[in-house]
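Trainee: Please see the structure below; I have some questions.
Only the coordinates and a few stated rules stand behind these numbers; no lab work does. Quick caveat: nothing in here was measured; it's all calculated off a predicted structure. Glycine gets a Cβ as well: all are built from the backbone with ideal geometry, and neighbour counts include every protein chain shown.
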Amino acid sequence: MRPSASQNWLLDAPDWIQNGPQWLNDIGYDIYKSFIFDNRYQMYLKGLGNTLLLTFLALLIGVLLGVVVSLIRVSWDKNHTEMHGPGKMALGFLNGVARVYLTVIRGTPMVVQLMIMYFVVFATSRNKIMVGALSFGINSGAYVAEIIRGGIMSIDQGQMEAGRSLGFGYVSTMRYIILPQAFKATLPTLANEFIVLLKETAVAGYVGLADITYAGNIIGGNCYDYLFPLLMSALIYLVLVMFFTFLVGRLERRLRNSER
Amino acid sequence: MSDEYIIQATGLQKHFDGGGIKALDGVTASIRKGEVVVVIGPSGSGKSTFLRCLNLLEVPTAGQILFEGVDITDKKTDINLHRQKMGMVFQHFNLFPHMTILKNMTLAPVKLLKKSPSEAEKQAMTLLERVGLADRAGAYPSQLSGGQKQRIAIVRALCMNPQVMLFDEPTSALDPEMVGEVLEVMKSLAKQGMTMVVVTHEMGFAREMADRVIFMAEGKIVEEDIPEAIFSAPKQQRTKDFLAKVL
């Protein structure tokens with residue numbers, strides 16, 4: 001009753017494994033069917049590609065959305081007492097939208113949001129990567145927004161005053177003076193959010209998007225043995241996370257050096 | 001000093017906490033072109049609030065401010081354009097920590113006055129040489145001492161070629177041995193004919209450099225006169241009490 005991999009296994013395996021002890025034989029066979037048979041390793045590679053693509057697109061959307069939403073929230077909080085007329089109404093409206101967005105997105109599970117997007121909102125679209133990136137990006141944006149808002153609030157009020165006293169408007173002061181500092185201050189937290197996002201994309205399989213987790217799951221099912229396929233999926237995530245943690249650490253050090 | 005007024009403030013009121021606190025309670029004062037006006041007074045007297053109202057960092061609750069004849073308290077006035085002509089120096093320097101000294105100085109001229117970077121840098125270097133910090137052009141603010149930071153803050157404001165310079169307690173956050181170097185820069189600026197409004201506790205500077213001293217208490221101007229008159233023969237009891245404590 002073994003899968004067809006068993007026939008090929010004896011033909012492809014090198015002699016020293018075939019003639020070795022039984023346990024080595026067993027492991028060799030497990031590895032063979034998990035990665036080599038049927039070119040299954042290609043599924044992990046494809047999954048890796050999809051996970052990375054999904055994460056980067058979502059990151060892009062998330063940061064853009066996060067910056068916009070945090071700016072709306074901060075501008076409203078700091079200025080609404082001194083504003084008048086239609087400007088105040090417009091900003092107040094945007095602030096309301098931003099608050100609803102933050103509450104709904106942070107108050108519901110990612111998987112549910114993803115399924116609503118894929119099966120309801122974009123029911124006609126079969127572009128899983130785009131729908132996935134949008135869902136994860138919208139989700140991540142809510143967390144990024146609160147991180148950046150915290151960063152902006154941590155910048156000394158004197159920086160805004162210095163910018164304004166030179167003649168910069170509120171928006172230009174934000175752009176040239178406050179945001180660069182806020183980004184720098186929140187970089188470790190943003191990087192952490194990115195790593196959380198990378199791992200969170202593991203639920204993309206719920207809508208059939210073939211990412212790393214999906215590959216491990218499918219292959220495990222195909223060979224009636226989940227050990228190596230799932231370990232491989234976990235290992236890929238681990239290596240990715242360690243690699244990005246290393247990159248962020250270097251970036252942080254470089255930013256810090258620029259001030260010394 | 002000419003007779004032409006550059007700033008005319010009339011009936012300034014500033015209330016905080018919905019009127020509970022009156023930081024400014026009807027301040028009327030005018031600054032002539034080329035005049036050095038020093039504002040003194042106990043803490044909480046509203047002198048910093050008054051100064052910050054002049055470039056609308058603090059929006060007055062009531063009253064009017066004319067800058068070069070234009071009502072900047074009018075909502076329709078583009079305050080950003082007028083602020084370009086009013087340099088401000090803060091107690092805590094407020095240099096931009098993520099930029100080099102040179103970038104701190106050239107950012108506003110390049111972005112707002114549309115100067116070319118090389119032109120702005122040339123002007124910045126000339127000013128840096130004047131305050132003896134040309135060799136620190138590539139440094140970051142965190143690498144400088146307090147006195148150096150404040151000198152940079154002054155020349156950063158000067159890079160915009162302002163018509164008037166506002167100083168908000170520029171030496172209050174400095175170690176005592178660094179006060180002198182900052183006052184020197186301010187003195188040379190005054191001698192060049194710059195219009196200056198200075199909020200300070202440095203009575204020596206007020207006595208030596210001021211054309212006029214304003215004494216404030218409880219949100220009002222109590223007394224104003226030439227420094228000799230204020231320091232030697234104050235007319236108001238409130239002024240006498242204050243000077244007795246600080247001199």
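Trainee: For the Cα atoms of chain A, what angle does the longest principal axis make with the long axis of helix A:227-257, in degrees from 0 to 90, nearest 10?
Mentor: 30
Trainee: Now for a separate question. Students often get this wrong, so check it: of A:Lys88/B:Lys47; A:Lys184/B:Lys114; B:Lys187/B:Lys240; B:Lys220/B:Lys240; A:Lys78/B:Lys114; B:Lys85/B:Lys111, which have C-alpha atoms separated by over 20 Å?
Mentor: A:Lys88/B:Lys47; A:Lys184/B:Lys114; B:Lys187/B:Lys240; A:Lys78/B:Lys114, as the Cα separations exceed 20 Å there.
Trainee: In whole Å, largest first, what are the principal axis extents of the Cα atoms in chain B?
Mentor: Projected onto its principal axes, the Cα set of chain B covers 53, 45, 38 Å.
Trainee: Based on Cα positions only, what radius of gyration and what Dmax would you give for the stretch B:188-247, in angstroms?
Mentor: In Å, with Rg to one decimal and Dmax whole: 11.7, 35.
Trainee: Might you report the magnitude of the Cβ-based charge dipole of the protein assembly as shown about its Cα centre, with Lys and Arg at +1 and Asp and Glu at -1, to the nearest 20 debye?
Mentor: Approximately 680 debye in magnitude.
Trainee: In what order do A:Leu247, B:Leu24, A:Leu57 fall by count of nearby beta-carbon atoms within 10 Å, going from fewest to most?
Mentor: Exposure proxy ranking, most exposed first: A:Leu247, A:Leu57, B:Leu24.
Trainee: Calculate how many DSSP beta bridges within chain B are antiparallel, expressed in % of all such bridges and rounded to the nearest 5.
Mentor: So the antiparallel bridges amount to about 55 percent of the total.
Trainee: Straight-line reach from B:Lys149: which lysines have a Cα under 16 Å away, not including same-chain ones fewer than 8 places off?
Mentor: Cross-link targets: B:Lys103.
Trainee: Counting DSSP beta bridges with both partners in the protein assembly as shown, what percentage is antiparallel, nearest 5?
Mentor: If I count the DSSP bridges inside the protein assembly as shown, around 55 percent turn out antiparallel.
Trainee: Follow-up question, since we're still on this one. Could you list the trypsin sites (Lys or Arg not before Pro) in the stretch B:14-93 that lie in coil according to DSSP, counting only those with at most 12 other Cβ atoms within 10 Å of their Cβ?
Mentor: Answer by residue number: B:Lys75, B:Lys76.
Trainee: Report, as a whole number in µm² per second, the diffusion coefficient that Stokes-Einstein gives for the stretch A:142-260 at 10 °C and 1.306 mPa s using the Kirkwood radius over alpha carbon pairs.
Mentor: Reported coefficient: 92 µm²/s.
Trainee: Right, here's the next one. Nearest 20 debye, what's the magnitude of the dipole of chain B about its Cα centre given +1 on Lys and Arg Cβ and -1 on Asp and Glu Cβ?
Mentor: 540
Trainee: Rg(Cα) of the stretch A:59-210 divided by 2.2 N^0.38 Å?
Mentor: Taking N as the residue count of the stretch A:59-210, the ratio is 1.18.
Trainee: Can you compute the helix-only [θ] at 222 nm over chain A? Use -39500 (n - 2.57) per DSSP H run of at least 4 residues, normalise by all residues, nearest 500 deg cm²/dmol.
Mentor: Value at 222 nm, helices only: -25000 deg cm²/dmol.
Trainee: Find which of B:Ala134, A:Gly205, B:Thr200 sits farthest along the positive direction of the dipole of the protein assembly as shown, computed with +1 on the beta-carbon of Lys and Arg, -1 on that of Asp and Glu, about the Cα centre.
Mentor: A:Gly205
Trainee: List the pair-distance distribution P(r) of chain A, using every Cα-Cα distance, as the percent of pairs falling in each 10 Å bin from 0 up to the bin containing the longest distance, rounded to whole percents.
Mentor: Values per bin, smallest distances first: 6, 23, 25, 19, 13, 7, 4, 2, 0.
Trainee: Once phi is turned into θ = phi - 60°, what whole-Hz ³J(HN,Hα) does the Karplus curve with 6.51, -1.76 and 1.60 give for every residue of the stretch A:176-187, x standing for Gly and Pro?
Mentor: Couplings: 8, 10, 7, 4, x, 6, 5, 4, 4, 5, 9, 3 Hz.
Trainee: Could you line up A:Lys128, B:Lys149 from fewest to most neighbouring Cβ atoms inside 10 Å?
Mentor: If I rank by nearby Cβ atoms, fewest first, I get A:Lys128, B:Lys149.
Trainee: A further question follows. Over all directions, the average projected area of the alpha-carbon convex hull for the protein assembly as shown comes to how many nm²?
Mentor: Mean shadow area of the hull around the Cα atoms is 33.6 nm².
Trainee: Pick out, from A:Val97, B:Gly147, B:His98, the residue whose Cα sits farthest towards the positive end of the charge dipole of the protein assembly as shown, with +1 on the Cβ of Lys and Arg and -1 on the Cβ of Asp and Glu.
Mentor: A:Val97
Trainee: Got a sec? How would B:Thr61, B:Thr126, A:Thr201 order by Cβ neighbour count within 10 Å, fewest to most?
Mentor: Least crowded to most crowded, the residues run B:Thr126, B:Thr61, A:Thr201.
Trainee: I'd like the mean, over residues of A:155-162, of how many other protein chain beta carbons sit within 10 Å of each residue's own Cβ.
Mentor: The mean count of partner-chain Cβ atoms within 10 Å per residue comes to 5.
Trainee: So for chain A, averaging the separation of alpha carbon pairs under 8 Å that are six or more residues apart and normalising by length, what relative contact order in percent results?
Mentor: 26
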